[in-house]
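Peer 1: So that we are looking at the same thing, I have put the structure below in structure tokens.
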Amino acid sequence: MQTELITINMGPHHPSTHGVFRMRVTLDGEIVREVEPMFGYLHRGLEKLAEGRTYTQIIPFTDRLDYVSSMAQNFGYCLAVEKLAGIQVPERAEYIRVIVCEMQRIVNHLIAVGFLINDLGALQTPLQYMWREREKLVDLFEMLCGQRFTYNYMRIGGVSQDLPPEFLPALRKFLDDFPGYYAEFEELLKGNEIIVSRTVGTGILPRQQAINASASGPVLRASGVDWDLRRDDPYSIYDRFKFDVPVGTRGDNWDRYRVRMEEMMQSYRIIKQAIEEIPEGPIRAKVPNLLRPPKGDVYAHIEAPKGELGFYLVSDGSIAPYRWHVRAPAFINLTALRDMVIGGKIADLIVTFGSIDICLAEVDR
Amino acid sequence: MGLKALAGPDVANKIEKRFPGAIVEIQPAGIVVKSQSAADVMRFLKESPDLDFNYLNSVTAADYFDYFEVVYHLTSMSRKHTFCVKTRAFGRENPTVPSVTHLWQGADLQEREVYDLMGIRFSGHPNLKRIALWEGFKGHPLRRDYL
């Protein structure tokens, strides 16, 4: 039978795109023949704006990159400036940074998995369980810096304020409860027949291509590449903690989902170790308000929840960066999207796209 | 442990042997190569077994008025080292450097972004279109003289 290819626009307003993202999809019945991702609906020109701000004033911009994991973005940027200016961060601040970053990773993965299950058609119910745990962590962040979102918590040379006295007991309480809830998620989701049949074998990203396409984070690890910057290029104090790096085998949607679930438990392990070892002491190095780093350029990267978050800074010795570039993991993870979905069903396109876990604010900057 | 940032002079020696005259400047942790030789040098960095740069971290560019500098950060997952390669494109009208998408697919969207916002052409890129801004937008906002 003769059939005609049809081209449809998915997005920019579509419930599954997690923001304003458009895919121009060419379909042969239900089979995807071509996908063209369209970016830019949320482009705010942050890289240009940053050239007119001081180094400290840029920290709130980083909150607005990937707003689901603002702490990690703060961390990556501060680390780059510290590397450029040669600033030593006090011990206590390093521990606080690691603790909040790992909390942030749990938040990010809860949301990523929750929405992935949502995209699979299990509307709202599993997401609400994830949301409940996230809420507890967000409450802790609020206790820490007064914000539930876009924290602006870290500073160049440390963090803005010390942990309030009630923070660590509350975090311990969360950590005591978390494994039980985690087991509940696993019971609810892992053996679910719909989740298994919809995710196993769909959206495959082969190992070689994952490396070649500069995929990073859970997307890269799900494809069987044992690569985690926290272990392979330890920044801050990550070399002091024991944790495993979960790796997938096939690089399909199931593996990406599993890697995120298992990473939550590893973050839990890191937080446990960090709160035992955290020393007393100052929380910020002495850094001038108008910091003038020496002339030169620097690239610093961290393992953000979505992948390798890099900052490329060029300093001309003035109070504002000459060039401020963000290597946004979610943006680059989309490079291989086309190859992952072509030949599959359109319903799988939604799932694959969800399993990459993007945040449009970071993709478009 | 950790990734070792290779010293500029060490890598420069190896490249100078293969491609005499390709290097413009040697920096402590990187090199600047001529744009005409950039594609060959990048292929050499990727395929030579003792360098083995299989992972392209990032592609970006900076505007220094006299020239544009395109910056590549590379990592070798097997050898656990990193390196930074830069190349320069001259002229404000039509600065061009060779694309590396045939070596690393990961350069695809990033080169499009550099083209869109900085106005540098990547010869050999299969789909060099604007990405963040719309077709028909005048100018390239990340250039220093764009106001």
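Peer 1: What number of lysine-lysine pairs in chain B show an alpha-carbon separation below 17 angstrom, given a sequence spacing of 8 or more or placement on distinct chains?
Peer 2: 11
Peer 1: OK, next. Only protein chains counted, 1.4 angstrom probe. Which residues of the stretch A:278-312 are at least 50 Å² less accessible in the assembly than when their chain is isolated?
Peer 2: Checking the loss per residue gives A:299, A:312.
Peer 1: Moving on to the next point. When all alpha-carbon pairs of the stretch B:4-91 are counted, what percent fall beyond 21 Å?
Peer 2: Across the stretch B:4-91, Cα pairs with separations above 21 Å total 22 percent.
Peer 1: What does the C-alpha gyration tensor say about the overall shape of the stretch B:44-85? Classify as rounded when a/c is under 1.5, otherwise prolate if a/b is larger than b/c, or oblate.
Peer 2: It is prolate, given that a/c is not under 1.5 and a/b is the larger ratio.
Peer 1: Next question. Put simply, what bits of the stretch A:220-246 lose 50 Å² or more of accessible area when the other protein chains are there, versus the chain on its own (1.4 Å probe)?
Peer 2: By number: A:227, A:232.
Peer 1: Quantify, in whole percent, the carbon and sulfur part of the accessible surface of the stretch A:56-364 (1.4 Å probe; protein heavy atoms only).
Peer 2: Details: 5260 of 10170 Å².
Its accessible area is 52 percent carbon and sulfur atoms.
Peer 1: What residues does the stretch A:41-67 have that are buried by at least 20 Å² of accessible area in the full protein assembly compared to the chain on its own, 1.4 angstrom probe?
Peer 2: Relative to the lone chain, where solvent access is computed with a 1.4 Å probe, the stretch A:41-67 loses at least 20 Å² at A:43, A:47, A:48, A:51.
Peer 1: For the stretch A:232-295, what is the per residue volume of the convex hull drawn over the alpha-carbon atoms, in cubic angstrom?
Peer 2: 176
Peer 1: Next question. Per residue, what accessible area does the stretch B:4-91 have, given a 1.4 Å probe and all protein chains present, in Å²?
Peer 2: I get 41 Å² per residue for the stretch B:4-91.
Peer 1: Quick one: accessible surface of residue A:276, probe radius 1.4 Å, all protein chains present, in square angstrom to the nearest 10.
Peer 2: 130
Peer 1: Hey, what did chain A get for relative contact order, percent, Cα under 8 Å, at least 6 apart?
Peer 2: 27 percent.
Peer 1: What percentages, rounded to whole numbers, describe P(r) for the stretch A:26-164 computed over all alpha carbon pairs with 10 Å bin width beginning at zero?
Peer 2: Pair shares across the bins are 11, 32, 29, 18, 8, 2.
Peer 1: On to the next question. With each run of n ≥ 4 DSSP H residues scored as -39500 (n - 2.57), what mean residue ellipticity at 222 nm is computed for chain A after dividing by its residue count and rounding to the nearest 500 deg cm²/dmol?
Peer 2: -14500 deg cm²/dmol
Peer 1: Determine how large the accessible area of residue A:84 is when every protein chain is in place; take a 1.4 Å probe and give Å² rounded to the nearest 10.
Peer 2: 20
Peer 1: Now a separate question. Go ahead and estimate [θ] at 222 nm for chain B from helices alone: -39,500 (n - 2.57) per DSSP H run with n ≥ 4, summed, over the residue count, rounded to 500.
Peer 2: Value at 222 nm, helices only, nearest 500: -7500 deg cm²/dmol.
Peer 1: Net charge near residue A:110: determine it from the other residues with C-beta under 12 Å of the C-beta of residue A:110, scoring Lys and Arg +1 and Asp and Glu -1. Show your work: numbers first, answer last.
Peer 2: Numbers: positive: A:105, A:132, A:134, A:136, A:260; negative: A:133, A:135, A:263, A:357.
Residues near residue A:110 contribute +1 overall.
Peer 1: May I ask you to list the GluC sites (Glu not before Pro) in the stretch A:1-61 that are in a DSSP loop and have at most 14 other Cβ atoms within 10 Å of their Cβ?
Peer 2: Here the GluC sites (Glu not before Pro) that fit, given the DSSP loop and packing criteria, are A:4, A:30.
Peer 1: Leaving ligands, DNA and RNA out of it, work out the accessible area of residue B:122 with a 1.4 Å probe and give it in Å² to the nearest 10.
Peer 2: So the heavy atoms of residue B:122 present about 10 Å² to solvent.
Peer 1: Summarise the accessible area of the stretch B:4-91 (1.4 Å probe, protein heavy atoms) by the percent that is carbon and sulfur.
Peer 2: 54
Peer 1: If you don't mind, there's one more thing I want to ask. In square angstrom, what is the accessible area per residue of chain A with a 1.4 angstrom probe?
Peer 2: On the way: 13170 Å² over 365 residues.
Per-residue value: 36 Å².
Peer 1: Under a no-solvent Debye model with one identical scatterer per Cα of the protein assembly as shown, what's log10 I(q)/I(0) at q = 0.10, 0.11, 0.13 Å⁻¹?
Peer 2: Normalising to I(0) and taking log10 leaves -0.78, -0.95, -1.34.
Peer 1: Here's a follow-up. What does the buried accessible surface come to for A and B, summed over both chains, with the probe at 1.4 Å? Round to 100 Å².
Peer 2: Buried surface at the A/B interface: approximately 3300 Å².
Peer 1: Quick one: how many lysine pairs in chain A have C-alpha atoms under 23 angstrom apart, if they're 8 or more apart or on different chains?
Peer 2: Taking chain A as the scope, the lysine pair count is 16.
The values are calculated or read from the model by the stated rules, or taken from the named source; none is laboratory data. Source: prediction; values computed, not measured. FYI the Cβ positions are ideal-geometry reconstructions off the backbone, even for glycines, and counts take in every protein chain you see. Protein only, heavy atoms only, side chains kept; ligands, DNA and RNA dropped before computing areas. Shrake-Rupley method; radii C 1.70, N 1.55, O 1.52, S 1.80 Å.
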